[in-house]
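The values are calculated or read from the model by the stated rules, or taken from the named source; none is laboratory data. Bear in mind that the values here come from a model prediction, so they are computed numbers and not experimental data. Glycine also receives a Cβ, built like all others from the backbone with ideal geometry; neighbour counts cover every protein chain displayed.
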Amino acid sequence: MCVVEPMHFGGGRSFWGHAHEQLVRAGHAWVEVACQTHPALTYLVPSDPERYGWVSLPGRTTGLKSQIGPGIDTRAASDAFSSEWWATSPLLFGILDAAVDAVGRGRLENVSPSTVILAGASQSGGVVRRYAEKVARGELPRRVDGFLPLHSGGQPLPAELSVPTYELLAEAEIESVRSAAGLPGQGRDLLHRDCASPFYRFIEVAGMAHNDARYAVPDQDPPARSRWSSFPHTHVVHAALEGLIRWIRGGEPPLDCAPLEAAPDGSLARDDFGHPRGGLQVPAVEQPTARIHAISSGKYWNRGHEFPLPADELLARYGSAQGYLDEAERTLKELVGRGHYLEADARRWLGEAREDAGTWTTSTGN
């Protein structure tokens, strides 16, 4: 199996960042394609001028960045920025299609995959969605076996979609959550839910931020009296990837997961901890040890932070550290059985949680 990922507009490799552990662990191949002019000329070429100095693409680079802050028109900001993506890269889909074709035909050395998935996250997730639209409408040939857009959302994909497509959206991608924090985003009015194709499934994840902070801790302090979120972001992505692979190879789509509960205005219904109701509920939300905020302020808005519960409150809720671990393990077993968590990641999470629970009798929270 090979995952093909478009290089993100801001540089970097978003899907790889979320899923590289599982890609390596399972022996999957991964290919990044510099198909957008701005990141190719702004980040790729300067990274190694001797190797990439010959690269020349039509289009242009840009200094436009997404507008962020209180009081902004988040939809207008989102529209302006996304328009810039497409305007700067006229050959985006031609280059991406040629790369996908080369991978599928085994033209890359040591890469001869039986299954090819096009995946991306955030802006590159939007590229994957647009590519899927073009395939569904016959504007591009079908060259991939599945689509995996993460952290994007937007208009419903066409009913003509006939390629298995599994879309993952974090709580932090929901428009009402983003706009309340002065952040633009691609999602609009939960419209992604309206795709009528039987080849489309989506999963919305309570407590999940735009990027991982559990295993990629930011280099600055979190908001006062909090810690960076320990939500198992990468574990959720690992399961989504493997769920799509099983769908492609076995013909059975991933089991449905209830969407996040939302009012008509798009705001999310929340429990006593402030966590969304519905959606995929992992132990961080189902058996909380902290109050999670999926969006932070400042440079690391895309990481969540959390306020730990006091030890006495934890003990009152679960009876003991072992009581908490037993409840969490039951939740994980159910998630593994449904294909929404991988066994290897469940074991890792429980091992780390056991270490953390050993500090309950001495720790304090806020």
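Quick one: in segment 256-273, which of the residues that are hydrophobic (A, V, I, L, M, F, W, C) and surrounded by 13 or more Cβ atoms within 10 Å (Cβ to Cβ) is farthest from Glu286 (Cα to Cα)?
Applying the filter and picking the extreme gives Ala262.
How about segment 63-79: which of its residues are of a type in the set (A, V, I, L, M) and under 17 Å from His8 (Cα atoms)?
Hit for segment 63-79 is Leu64, nothing else.
Within the bounds of segment 320-334, is there any residue that is of a type in the set (Gly, Ala, Ser), at pLDDT below 95 and closer than 18 Å to Arg225 by Cβ?
no
Going through segment 80-97 one residue at a time, which ones are within 22 Å of the chain's Cα centre (by Cα) and exposed (fewer than 14 other Cβ atoms within 10 Å of the Cβ)?
Answer for segment 80-97, where residues must be within 22 Å of the chain's Cα centre (by Cα) and exposed (fewer than 14 other Cβ atoms within 10 Å of the Cβ): just Ser83.
Mind checking whether some residue in segment 63-76 is surrounded by fewer than 19 Cβ atoms within 10 Å (Cβ to Cβ), acidic (Asp, Glu) and not in a helix (DSSP H, G or I)?
Scanning segment 63-76 turns up at least one residue that is surrounded by fewer than 19 Cβ atoms within 10 Å (Cβ to Cβ), acidic (Asp, Glu) and not in a helix (DSSP H, G or I).
Take the residues in segment 35-78 that are charged (D, E, K, R) and in contact (Cβ under 8 Å) with a residue 12 or more places away in the chain, then tell me which one is nearest to Gly187 (Cα to Cα).
Arg75
Output the number of residues of segment 4-39 satisfying the condition of being under 19 Å from Gln123 (Cβ atoms), among the charged types (D, E, K, R) and surrounded by fewer than 19 Cβ atoms within 10 Å (Cβ to Cβ).
Residues in segment 4-39 being under 19 Å from Gln123 (Cβ atoms), among the charged types (D, E, K, R) and surrounded by fewer than 19 Cβ atoms within 10 Å (Cβ to Cβ): 2 in total.
Output the residues belonging to segment 342-356 that are under 13 Å from Ala284 (Cα atoms), buried (at least 18 other Cβ atoms within 10 Å of the Cβ) and either touching a Phe, Trp or Tyr at 6+ places or on another chain (Cβ under 9 Å) or not hydrophobic (A, V, I, L, M, F, W, C) (or both).
Listed by number, the residues that qualify are Trp349, Ala353.
Please find, within segment 214-249, the residue that is nearest to Ala172 (Cα to Cα) out of those that are charged (D, E, K, R) and in a loop (DSSP other than H, G, I, E, B).
Ranking the qualifying residues of segment 214-249, first place goes to Arg214.
For segment 301-337, enumerate the residues that are of a type in the set (Phe, Trp, Tyr), assigned to a helix (DSSP H, G or I) and either in contact with a Leu (Cβ under 8 Å, 6 or more places away or on another chain) or surrounded by fewer than 19 Cβ atoms within 10 Å (Cβ to Cβ) (or both).
Tyr324
Can you tell me which residue is surrounded by the most Cβ atoms within 10 Å (Cβ to Cβ) among those in segment 283-300 that are under 21 Å from Gly187 (Cβ atoms) and either at pLDDT 95 or above or among the polar types (S, T, N, Q) (or both)?
The selected residue is Ala294.
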